[in-house]
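**Student:** This is the structure I have questions about; it appears just below.
The numbers here are math on the coordinates, done by the rules we state, and not lab data. This one's a predicted model, so the numbers in the text were calculated from it and none came from an experiment. When we count neighbours, we look across all protein chains shown, and the Cβ atoms used for this are built from the backbone with ideal geometry, even at glycine.
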Amino acid sequence: MTPLPAFYDDLDASLAHLWQLLQDGPALRRNAFHMPALATVDEAGAPQVRTIVLREADSGSGSVRFHCDRRSRKAVEIAASGRAALHGYDSASKVQIRVSGTAVLHTDDALADAAWAGSLAMSLVCYGVAPEPGAELSSGDAYSLPETDASIAAGRPNFCAVVVMATRLEFLFLDRRGHRRAAWTRNGDRWAGTWLAP
Ligand SMILES: Cc1cc2nc3c(=O)[nH]c(=O)nc-3n(C[C@H](O)[C@H](O)[C@H](O)COP(=O)(O)O)c2cc1C
């Protein structure tokens, strides 16, 4: 039987492990926390969920960042609600993480400029897609992507970096000797945590 992890009955260590997994996610291509699900609420109040690539997680500020097209439904929904949630489950380590909080679109500021400058050209191509993301097409291939450096750069106005400032975190570790579930809510710049029944 594998030994229990050090965070097993330690609330602070569970929170630290949660942030470590989120902070490692952007660099680990096949990891669940590289491509978590992003949930928003649309204008009719209906939940919407889709995959995104996690670009950064920062335990200091308690925030995570991803990128999207400002013309997309998710960007419109975040602009309207100011809220978002993310979820990932890593089957290798048997850990599920849920993050919910306030979300801000950064389009024209230094944060967005740095995020654009730090992205690979192959990622930036999609911000020049025409027509806009989600537009109905007459056939599957009836859209274009930019092919030159100049036309890729012209997609910059469509790019936005989204920062989700977590207000609630939840951690679930599955183990047949007993699952461990915990949640934290933001209390100023500290987290107030509690164990939960799994
Ligand atoms: C592996 C994977 C990674 C994705 N990463 C992103 C991403 O980082 N940002 C993004 O806007 N869409 C990303 N998508 C596409 C979204 O899941 C979604 O299909 C698309 O953005 C439209 O969503 P919306 O209409 O709700 O805005 C990704 C999809 C997959 C399958």
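**Student:** Take the Cα atoms of segment 42-105, find their three principal axes, and give me the spread along each one in whole Å, biggest first.
**Tutor:** 36, 26, 18
**Student:** Send over the per residue convex hull volume for the chain, Cα only, as a whole number of Å³.
**Tutor:** Per residue, the Cα convex hull of the chain comes to 147 Å³.
**Student:** Related question: Give, as a single signed number, the net charge of other residues whose beta carbon lies under 9 Å from the beta carbon of Gly62, with Lys and Arg counted +1 and Asp and Glu -1.
**Tutor:** Result for the local shell: -1.
**Student:** Defining a contact as two alpha carbons under 8 Å apart and six or more residues distant in sequence, what relative contact order in percent does segment 55-198 show?
**Tutor:** Worked out over segment 55-198, it gives 28 percent.
**Student:** Further question: Any idea what angle helix 11-24 forms with the longest principal axis of the chain, computed on alpha-carbon atoms, 0 to 90 degrees, nearest 10?
**Tutor:** 30 degrees
**Student:** So, one more: For a bin width of 10 Å, list the pair-distance distribution of segment 76-135 built from all Cα-Cα distances, rounded to whole %.
**Tutor:** Computed distribution, short to long bins: 16, 29, 42, 12, 0.
**Student:** Shifting gears a bit: When ranked by the protection proxy of mean other Cβ atoms within 10 Å per residue, highest first, what sequence do the peptides 43-54, 172-183 form?
**Tutor:** Per-residue Cβ counts within 10 Å, averaged per peptide and sorted highest first, yield 172-183, 43-54.
**Student:** Please give the contour-minus-distance gain from Val125 to Ser72: 0.36 nm per residue of separation, less the Cα-Cα distance, rounded to one decimal in nm.
**Tutor:** 17.6 nm
**Student:** Sticking with this structure for a sec: Sort 161-171, 185-195, 6-16, 137-147 by packing, meaning the average of other beta carbons within 10 Å per residue, with the highest value first.
**Tutor:** Highest mean packing first, the order is 161-171, 6-16, 185-195, 137-147.
**Student:** Turning to a different aspect of this structure: Express in whole angstrom the spacing between the alpha-carbon centres of segment 90-146 and segment 150-198.
**Tutor:** 18 Å
**Student:** Report the calculated FRET efficiency for Arg156 and Tyr8 (r = Cβ-Cβ distance, R0 = 41 Å), to the nearest 0.05.
**Tutor:** 0.30
**Student:** Now a separate question. Between Ser61 and Val41, what length in nm is gained on full extension when 0.36 nm per residue of separation is reduced by their alpha carbon distance?
**Tutor:** Gain on extension, Ser61 to Val41, equals 4.8 nm.
**Student:** For the chain, what does the helix formula give at 222 nm: sum of -39500 (n - 2.57) over DSSP H segments with n ≥ 4, over the residue count, nearest 500 deg cm²/dmol?
**Tutor:** Calculated at 222 nm, the ellipticity per residue is -5500 deg cm²/dmol.
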